[in-house]
Amino acid sequence: MDYLLVGHGADELIDLVMRLFIGPGDVVLNCPPTFGMYPFDAAVNGARVLSLPRRADFSLDVEGIVAAVADQPRAKLLFVASPNNPDGGLLGDDDLRHLLELAFSRGARRGVRGVRRAGAQPHRVGARA
């Protein structure tokens with residue numbers, strides 16, 4: 001582990017991550033129904049929220065996320081809760097791998113410094129409450 005950020009619960013950590021990685025007008029991808037702090041903190045930090053609703057079984061629409069990332073040049077953050085709030089659904093390993101590969105390939109194409117390889121996977125932020 002290279003860095004450790006401690007906060008007063010997940011709400012504060014979500015806000016701090018947004019302050020680090022987004023600027024006014026950037027896009028935050030949200031997959032409702034999920035934790036309500038993502039759109040709240042996005043608004044506080046001047047970001048635009050693009051909601052990509054979950055499927056009827058509450059699973060992520062990974063193909064929809066991939067399409068949105070390709071279509072939104074200012075997409076900077078994607079929040080995925082696992083287990084998800086409110087349904088308790090878990091993100092499958094294949095979906096997680098696919099989203100991490102998407103983050104790395106996008107960062108590599110755009111020269112983003114926040115995404116770099118660490119072994120087989122890019123850096124990511126995890127919060128635990």
- Message: Based on this model, can you work out whether Ile14 counts as open to solvent by less than 90 Å² (accessible area, probe 1.4 Å), more than 21 Å from Asn85 (Cα to Cα) and either of a type in the set (Val, Ile, Thr) or in contact (Cβ under 8 Å) with a residue 40 or more places away in the chain (or both)?
- Response: no
- Task: Answer yes if at least one residue in region 49-69 is over 26 Å from Gly88 (Cα atoms) and either open to solvent by 60 Å² or more (accessible area, probe 1.4 Å) or within 12 Å of the chain's Cα centre (by Cα) (or both), and no otherwise.
- Result: no
- Query: Condition test on Arg74, is it loosely packed, with under 15 Cβ neighbours inside 10 Å and more than 26 Å from Gly92 (Cα to Cα)?
  - Reply: yes
- Query: Would you pick out the residues in region 83-98 that are open to solvent by 40 Å² or more (accessible area, probe 1.4 Å) and in contact (Cβ under 8 Å) with a residue 40 or more places away in the chain?
  - Reply: Asn85, Pro86, Asp87
- With respect to Leu77, determine if the residue is touching a residue at least 12 places away in the same chain (Cβ under 8 Å), closer than 18 Å to Glu101 by Cβ and part of a loop (DSSP other than H, G, I, E, B). no
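The values are calculated or read from the model by the stated rules, or taken from the named source; none is laboratory data. In this text, all values refer to a predicted model and were calculated from it rather than measured experimentally. All Cβ positions, glycine included, derive from the backbone under ideal geometry; neighbour counts span all protein chains shown. In case anyone asks, the SASA skips ligands and DNA or RNA and just uses the protein heavy atoms, side chains included. Shrake-Rupley method; radii C 1.70, N 1.55, O 1.52, S 1.80 Å.
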